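**Q** I am attaching a structure below and will ask some questions about it afterwards.
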Amino acid sequence: MTFALMTGDCRDLMPAHGPFDMILADPPYGDTSLAWDRRVDGWISIARHTLRPTGSMWIFGSLRSFMGTADRFSDAGLRLAQEIVWEKQNGSSFHADRFKRVHELAVQFYPVATPWRDIYNDVQTTPDAAARTIRRKHRPPHTGHIDASLYVSHDGGPRLMRSVIYARNAHSRAIHPTEKPVGLLEILIRTSCPEGGLVGDWFAGSGAAGEACRMSGRRYFGCEIDADMAGKARARIAAVLPFDCGKATP
Ligand SMILES: C[S@@+](CC[C@H](N)C(=O)[O-])C[C@H]1O[C@@H](n2cnc3c(N)ncnc32)[C@H](O)[C@@H]1O
């Protein structure tokens, strides 16, 4: 199974290693004047051309970062599909005169040339349907007609995962200052990459997405520009047992 993480600029190195079933990208948001927080130009259109026609991209960012780059997605032939909110247990505050930020966004885009129904999409469910769930079997009139869905709700059965996902950040265990939780990445990977498919991680940082791929049986190709961090990420990924390690050998 492909598991590799290269050191260098993703814009130069990643195109040779596609096509990707899914791209995960957690670029510097460019929201602050901190030295490491510089927006990377040009990567969106380069990445889009490395995506399989049925693939999609999940990109982490703040609303500020997405508003500042909105036209780059449409220029690259990408359409917005949906977003999730990652809710953290604690946040960082650069300003004392605003709400404390305890969330980040991840936004999914897909190629405009592919109808949404053809994009790989395995909706995630949770097994915790409870009596408090509203048992409304008919869509409310204001939703109009929406195409038949992949998922049928049953009383007491699995229910669609909510778009606000709580996951603790790594904090004291973190290798990288903006490390994303493996559990959260795994949800996005299971949704948007088929089993055995290839995930391209364009701004790999600590390699958290590589660990999530190991856990979920997806192949992984990552890229990180900081050589020291790339080394730590490789060691981290190598230390995770591969998905199929428990299979009995004949
Ligand atoms: C927000 S962090 C990613 C954190 C990562 N998702 C994790 O969970 O550890 C962004 C990373 O992108 C790297 N980076 C910045 N520009 C890059 C480029 N042009 N190519 C590859 N990596 C880059 C930075 O060094 C930084 O480690």
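The values are calculated or read from the model by the stated rules, or taken from the named source; none is laboratory data. Remember, predicted model here, so these are calculated numbers, not experimental data. When we count neighbours, we look across all protein chains shown, and the Cβ atoms used for this are built from the backbone with ideal geometry, even at glycine.
**Q** So is Ser74 at pLDDT 95 or above, away from the ligand (no atom under 16 Å from the Cβ) and in a helix (DSSP H, G or I) or not?
**A** yes
**Q** Are there any pairs with C-beta distances below 8 angstrom linking a residue in segment 171-185 that is β-branched (Val, Ile, Thr) to a residue that is more than 10 Å from the ligand (Cβ to nearest atom), with the two at least 6 apart or on different chains, and if so which?
**A** As it stands, the answer is Val182/Met215, since those pairs meet every condition given.
**Q** Considering segment 11-28 alone, what residues qualify as being within 12 Å of the ligand (Cβ to nearest atom) and closer than 17 Å to Leu185 by Cβ?
**A** Matches in segment 11-28: Leu24, Ala25, Asp26, Pro27.
**Q** Within segment 155-177, how many residues are modelled with pLDDT under 90 and within 14 Å of the ligand (Cβ to nearest atom)?
**A** Of the residues in segment 155-177, 6 are modelled with pLDDT under 90 and within 14 Å of the ligand (Cβ to nearest atom).
**Q** Now, a different point. How about segment 6-33: which of its residues are within 18 Å of the chain's Cα centre (by Cα), surrounded by fewer than 22 Cβ atoms within 10 Å (Cβ to Cβ) and part of a helix (DSSP H, G or I)?
**A** none
**Q** Can you tell me which residues in segment 183-194 are farther than 16 Å from Val164 by Cα and either crowded, with 23+ Cβ neighbours inside 10 Å or not charged (D, E, K, R) (or both)?
**A** Ile189, Ser192, Cys193, Pro194
**Q** Of Phe3, Phe60, Phe99, which residue is under 16 Å from Trp202 (Cα atoms) and away from the ligand (no atom under 15 Å from the Cβ)?
**A** Going through Phe3, Phe60, Phe99 in turn, just one is under 16 Å from Trp202 (Cα atoms) and away from the ligand (no atom under 15 Å from the Cβ): Phe3.
**Q** Among the residues of segment 217-242 satisfying the criterion of being out of contact with any strand residue (DSSP E or B) (no Cβ under 7 Å at 6 or more places or on another chain) and within 16 Å of Leu185 (Cα to Cα), which is nearest to the ligand (Cβ to nearest atom)?
**A** Filtering segment 217-242 for residues that are out of contact with any strand residue (DSSP E or B) (no Cβ under 7 Å at 6 or more places or on another chain) and within 16 Å of Leu185 (Cα to Cα), the one nearest to the ligand (Cβ to nearest atom) comes out as Arg236.
**Q** Here is a further query. Looking at Arg117, Arg98 in this structure, which one is farther than 16 Å from Leu24 by Cα and in a loop (DSSP other than H, G, I, E, B)?
**A** Arg98
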